[in-house]
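S.K.: The structure's right below; bear with me while I get my questions together.
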Protein chains: 2
Amino acid sequence: MQHNLQDTISLLERTPAALDRLLRDLPEMWTLRNEGANTWSAYDVVGHLIHGERTDWMVRTKVILQSGEDQPFERFDRWAQARESRGKSLGQLLDELARLRAENLDELRAMNLQPEDLERRGRHPVLGVVTLSQLLATWAAHDLTHLHQISRTMAHQYREAVGPWTAFLGVMQCAGHSS
Amino acid sequence: MQHNLQDTISLLERTPAALDRLLRDLPEMWTLRNEGANTWSAYDVVGHLIHGERTDWMVRTKVILQSGEDQPFERFDRWAQARESRGKSLGQLLDELARLRAENLDELRAMNLQPEDLERRGRHPVLGVVTLSQLLATWAAHDLTHLHQISRTMAHQYREAVGPWTAFLGVMQCAGHSS
């Protein structure tokens, strides 16, 4: 199935607002707790998404368009948010994510990418050769993997509270494929 | 850990708006596709949540308060939405979910449930004895299990499009614990 860039943009423009509606002013029991050592809370995930807006998706798009396979992408720092979110409220982070995402999508639309651009190739430091189409599709799927993670992390807080219903709740069986 | 009813209500009042922001006017490629035979699309899930608002959570709350363990809950029809959503747009379903949820939460708040009420017991037709506390916590966790499912179902549509990145996306490894 061909990747349709408009479908990708349609999702990317909605997730920050969806996260805002879910998380803003929610009790910290939901937003600051994680699933145990070396796992992320919803607050951590929003910081991680911000770091992606700053250093990953559009930066790599430009690397592909400018240098192709010659210049491997910089590695992505999966723990940058521990440093960058320090001292910020979740509300501030949600505002920042919305602003950065809107700016990035404005820039992406202005590029007016054509089908032949989407087939251009870059080099991922671990995965090897990838296309611009795959990078942009992954940007959207990455939102979804973290929405999946947030819903699981929040449900984890109610593992005891739901009593025997845990058997009927799929999210309670999820082993945490997203770290 | 004690179940805090205010935490539960805080989540329950946010999920319909979060789903609205995520799904409204999103291309049908995202909202109408499922994961294969006998699985649900995002559209199906919203219909299922509506059916829960009508027939499950508050109805069972009243059964517990009025009849305790004597009267088992009615079984929940997990496929009712195939019938009840027919002919309705996703936008209509999102409006209906928001309205029913707000009405149910108004009614729940008006009950002014006390800790001793939350310990009252009812009888689930399969799980046996459950408490009102567990029922209400499950209402919130049920939102999360379906947010988890929707994010997985939508990500499934991009399984090919992301190319080698599928290895890094936890949601792509999720086997679908939520049916």
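S.K.: Check whether at least one residue in region B:78-89 is within 19 Å of A:Ala167 (Cβ to Cβ) and in contact (Cβ under 8 Å) with a residue 24 or more places away in the chain, and report yes or no.
M.R.: yes
S.K.: Filter region B:26-42 down to the residues that are surrounded by fewer than 22 Cβ atoms within 10 Å (Cβ to Cβ), within 10 Å of chain A (Cβ to nearest Cβ) and touching a Ser or Thr at 6+ places or on another chain (Cβ under 8 Å) and list them by number.
M.R.: Once the filter is applied, which keeps residues that are surrounded by fewer than 22 Cβ atoms within 10 Å (Cβ to Cβ), within 10 Å of chain A (Cβ to nearest Cβ) and touching a Ser or Thr at 6+ places or on another chain (Cβ under 8 Å), region B:26-42 yields B:Leu26, B:Pro27.
S.K.: Here is a follow-up. Just to be sure, is A:Gly170 farther than 29 Å from A:Ala102 by Cα and either of a type outside the set (Lys, Arg) or modelled with pLDDT under 95 (or both)?
M.R.: Considered against the rule, which asks whether it is farther than 29 Å from A:Ala102 by Cα and either of a type outside the set (Lys, Arg) or modelled with pLDDT under 95 (or both), A:Gly170 comes out as yes.
S.K.: Taking the stated definitions as given, is B:Leu100 in a helix (DSSP H, G or I), in contact with an Asp or Glu (Cβ under 6 Å, 6 or more places away or on another chain) and more than 14 Å from every other protein chain (Cβ to nearest Cβ)?
M.R.: So B:Leu100 passes the test.
S.K.: While we're on this one: Run B:Leu105 past the list (1) closer than 22 Å to A:Arg159 by Cβ; (2) aliphatic (A, V, I, L, M); (3) at pLDDT 95 or above; (4) assigned to a helix (DSSP H, G or I) and report the number of the one that doesn't hold.
M.R.: So the condition that B:Leu105 fails would be (1).
S.K.: Name the residues in region B:65-97 that are open to solvent by 90 Å² or more (accessible area, probe 1.4 Å), under 28 Å from B:His124 (Cα atoms) and assigned to a helix (DSSP H, G or I), would you?
M.R.: Correct list: B:Gln66, B:Asp70, B:Arg83.
S.K.: Also: Assess whether B:Ile9 counts as being at pLDDT 95 or above, within 14 Å of chain A (Cβ to nearest Cβ) and touching a strand residue (DSSP E or B) at 6+ places or on another chain (Cβ under 6 Å).
M.R.: no
S.K.: Does region A:43-56 include one or more residues that are more than 19 Å from the chain's Cα centre (by Cα) and away from chain B (no Cβ under 14 Å)?
M.R.: No, because not a single residue in region A:43-56 is more than 19 Å from the chain's Cα centre (by Cα) and away from chain B (no Cβ under 14 Å).
S.K.: If you check every pair at least six apart or on different chains, which have Cβ atoms under 8 Å apart with a residue in region A:48-74 that is free of Cβ contacts under 8 Å to residues at least 40 places away in the same chain first and a residue that is surrounded by fewer than 21 Cβ atoms within 10 Å (Cβ to Cβ) and among the acidic types (Asp, Glu) second?
M.R.: If the second residue must be surrounded by fewer than 21 Cβ atoms within 10 Å (Cβ to Cβ) and among the acidic types (Asp, Glu), the pairs left are A:His51/A:Asp77; A:His51/A:Glu84; A:Thr55/A:Glu74; A:Thr55/A:Asp77; A:Val59/A:Glu74.
S.K.: Within region A:8-21, which residues are part of a helix (DSSP H, G or I), free of Cβ contacts under 8 Å to residues at least 60 places away in the same chain and under 18 Å from A:Thr138 (Cα atoms)?
M.R.: Listed by number, the list holds a single entry, A:Ser10.
S.K.: Would you pick out the residues in region B:66-108 that are hydrophobic (A, V, I, L, M, F, W, C) and within 21 Å of B:Trp30 (Cβ to Cβ)?
M.R.: Within region B:66-108, B:Ala82, B:Leu90, B:Leu93, B:Leu94, B:Leu97, B:Ala98 meet the criteria.
S.K.: Next question. Please verify whether region A:106-119 includes one or more residues that are away from chain B (no Cβ under 12 Å), farther than 23 Å from A:Ser41 by Cβ and open to solvent by less than 20 Å² (accessible area, probe 1.4 Å).
M.R.: So far as region A:106-119 goes, yes, one or more of its residues are away from chain B (no Cβ under 12 Å), farther than 23 Å from A:Ser41 by Cβ and open to solvent by less than 20 Å² (accessible area, probe 1.4 Å).
S.K.: What's the number of the only condition in (1) at pLDDT 95 or above; (2) on the phi < 0 side of the Ramachandran plot that A:Asn112 fails to meet?
M.R.: Result: A:Asn112 passes all but (2).
S.K.: On to the next question. Could you grab the pairs with beta carbons closer than 7 Å, sequence gap of 6+ or different chains, first residue in region A:112-123 and closer than 14 Å to A:Lys62 by Cβ, second one crowded, with 16+ Cβ neighbours inside 10 Å and among the charged types (D, E, K, R)?
M.R.: Within 7 Å, the pairs are A:Gly122/A:Arg60.
S.K.: Taking region A:120-179, which residues are within 7 Å of chain B (Cβ to nearest Cβ), open to solvent by 30 Å² or more (accessible area, probe 1.4 Å) and part of a helix (DSSP H, G or I)?
M.R.: A:Gln134, A:Pro164, A:Gln173
The values are calculated or read from the model by the stated rules, or taken from the named source; none is laboratory data. All figures in this text were calculated on a predicted structure; none of them were measured in a lab. For neighbour counting, all protein chains shown are included, and Cβ atoms are generated from backbone atoms with ideal geometry for every residue, glycine included. All accessible areas refer to the heavy atoms of the entire protein, side chains included, with ligands and DNA or RNA removed. Shrake-Rupley method; radii C 1.70, N 1.55, O 1.52, S 1.80 Å.
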